[in-house]
Each structure stands twice: as C-alpha cells, then as structure tokens.
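Below you'll find the structure, written out as structure tokens, and then a few comments.
The values are calculated or read from the model by the stated rules, or taken from the named source; none is laboratory data. Every value quoted in this text rests on a predicted model; they were computed, and no experiment measured them. Using ideal geometry, Cβ is built from the backbone for each residue, glycine included, and neighbour counts are taken over all protein chains shown. Just the protein is used for accessible areas: all its heavy atoms, side chains included, with ligands, DNA and RNA removed. Shrake-Rupley method; radii C 1.70, N 1.55, O 1.52, S 1.80 Å.
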Amino acid sequence: MLSTYKLYGFFVGLTVTIMITCDTLVYKVYDIYQLKITASGIIFSLCFLFSTLLTEVYGYKLAVRSVWIMVFCQTIYVLLLNITSVIQSENNVIAENYYALYHEFWRVMIGTWFSVPISYFFNGIVISKLKIVFSGQYFFIRYLIASMSTQAALLLTSYPISLSGKYNINELINIISTTWSYKVFMSICLLPLAVCLVDLVKKIEKTDYFDWNTSYNPLNVFTEKNERKP
C-alpha cells in the first residue's frame with residue numbers, strides 16, 4: 001500500500017525534522033514588547049501544516065503512524081542529547097554550556113510523550129471528521145478550526161512540563177498565551193500554502209482519502225489496512 005505513495009515518506013521525514021528542531025529550540029525565548037514567545041513556536045506551524053496534510057491526503061491511520069514515528073524519533077534524540085550533556089559536564093567551557101542547557105532536557109521528552117500524541121491524534125480526528133461532514137470541501141475552515149484547538153492542546157500539555165523549571169508561573173502563562181496566538185496567526189498566514197500544497201499532493205498521489213467507517217484507535221494504525229478511496 002505505502003509503496004504506491006510517492007511522497008508519504010518524504011513528509012514523515014520532514015515532520016520529524018521540524019519537530020526535533022522545535023525540541024532543540026524550546027528553551028530559546030524571544031522577548032518582544034514584554035511578550036514572550038519560544039523560537040520553537042515560530043517554526044512549529046510548519047509541523048502542524050504537514051501533519052494536517054498527511055491526514056487530508058492519506059487518511060487518519062497513515063497520519064497517526066507518522067505521529068508514533070515522530071514520538072519514537074524525538075525520544076531517541078532527547079535521550080541522546082540529555083545523556084551526552086551530563087557526561088563530563090565540567091570538562092571544558094563547551095561541555096559546561098551543554099550541561100547548563102540540556103541537563104534537564106528529559107523534561108522535553110516527558111512533555112512529548114503527553115503533548116504530541118494528545119494534540120496530533122486530536123488534530124487527525126478533527127480534520128478527518130470535518131472532512132466527512134463538509135464532504136471534502138471548505139478545507140480552509142477545517143484547517144483553522146483544527147489549528148486553534150490543536151495548538152491549545154499541545155501548549156497546555158507540553159509547556160507546563162518542559163518549561164516548568166525554567167520560568168515562573170506568570171512567565172509560563174505569558175509564554176503559552178503568546179505562543180498560541182502567534183501559532184494561530186502563523187496558521188492563517190500559511191493557509192494559502194497549505195491549500196496549494198494539499199491540492200498538489202493529491203494530484204501527484206492520485207488520491208483523496210475519506211475515513212469512512214474508520215476506527216480512531218491510535219493503537220491499531222499499524223495493524224489495520226488503510227484502503228485508498230478516491
């Protein structure tokens with residue numbers, strides 16, 4: 001089945017790359033007129049775009065497969081970076097800087113285990129269900145609804161865990177609310193690109209999947225077949 005898709009593997013790899021880049025930049029916060037926003041929040045909207053594309057073009061099951069792959073790759077990345085940062089942490093200045101930045105990086109991994117599955121499974125269900133409700137039309141409405149809800153679910157589950165040791169409660173609330181607003185704004189800006197990209201990929205893949213009678217159990221996505229439906 002997957003061998004018939006030309007671009008599925010490419011988009012999964014691209015999503016994983018963006019996500020681990022977001023992990024790396026999670027501690028970098030910009031202060032803009034007393035509004036705080038993480039660097040990861042700036043580029044995360046691209047990850048949401050590609051995840052939405054996977055659901056829209058390939059269906060819920062293949063989209064959720066990419067989520068499990070992403071979580072697995074993130075876990076390996078965070079563990080390796082965390083472990084290497086604490087080994088010989090005072091060997092030299094560079095080692096000390098790595099330790100200072102990443103010795104608590106395991107928080108990001110814990111946050112990932114909760115936030116990524118919750119938010120992306122939710123995003124897949126919203127996109128999938130609304131596609132059926134709107135008979136595959138009004139993608140821009142489905143995209144915006146999913147963006148606002150998914151971004152909120154992601155931030156509320158990940159940032160309190162990954163940033164709790166770095167910022168106080170007021171700063172954390174500021175970061176979450178500001179980053180959510182920015183991510184929604186960026187989703188709106190990326191909407192024309194999303195529409196064009198989805199239409200292009202559908203033409204290349206010659207498919208437009210609808211999740212009729214699909215089980216939304218995320219644990220079954222590697223065992224149940226995902227039949228193509230034009």
Signed unit charges on C-beta, dipole axis of the chain, positive-most listed residue M19, I87, L190: L190
With Cα atoms, 0 to 90° folded angle of helix 106-133 axis to the chain main axis: 20
Sequence-separation-based contact order of region 55-201, relative, with Cα cut under 8 Å and 6+ spacing, percent: 26
Most fluctuating residue given options I127, I69, I169, as computed from a GNM of the chain linking Cα atoms under 10 Å: I169
Cα-centred dipole magnitude for region 161-230, charges only on beta-carbon of K, R (+1) and D, E (-1), debye, nearest 20: 140
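Which percent of the accessible area of region 1-157 is formed by carbon and sulfur heavy atoms (probe 1.4 angstrom)? Don't jump to the answer; show the numbers that get you there.
Working: 4940 of 7010 Å².
Answer for region 1-157: carbon and sulfur cover 71 percent of the accessible area.
Can you give the calculated 222 nm mean residue ellipticity of the chain, where each DSSP H run of n ≥ 4 adds -39,500 (n - 2.57) and the sum is split over every residue, rounded to the nearest 500 deg cm²/dmol?
The per-residue figure over the chain is -25000 deg cm²/dmol.
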GNM top mover of I141, I94, I76 - the chain, alpha-carbon springs below 10 Å: I94
Number of Lys pairs (Cα under 24 Å; 8 or more positions apart or on different chains) in region 68-209: 9
GNM top mover of T84, T15, T178 - the chain, alpha-carbon springs below 10 Å: T84
Region 1-108: C-alpha gyration tensor shape, a/c 1.5 cut-off, then a/b vs b/c: oblate
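Skip the ligands, DNA and RNA, and give the accessible area per residue of region 14-138 with a 1.4 Å probe, whole Å². Mind dumping the intermediate values first?
Working: 5580 Å² over 125 residues.
Dividing the accessible area of region 14-138 by its residue count gives 45 Å².
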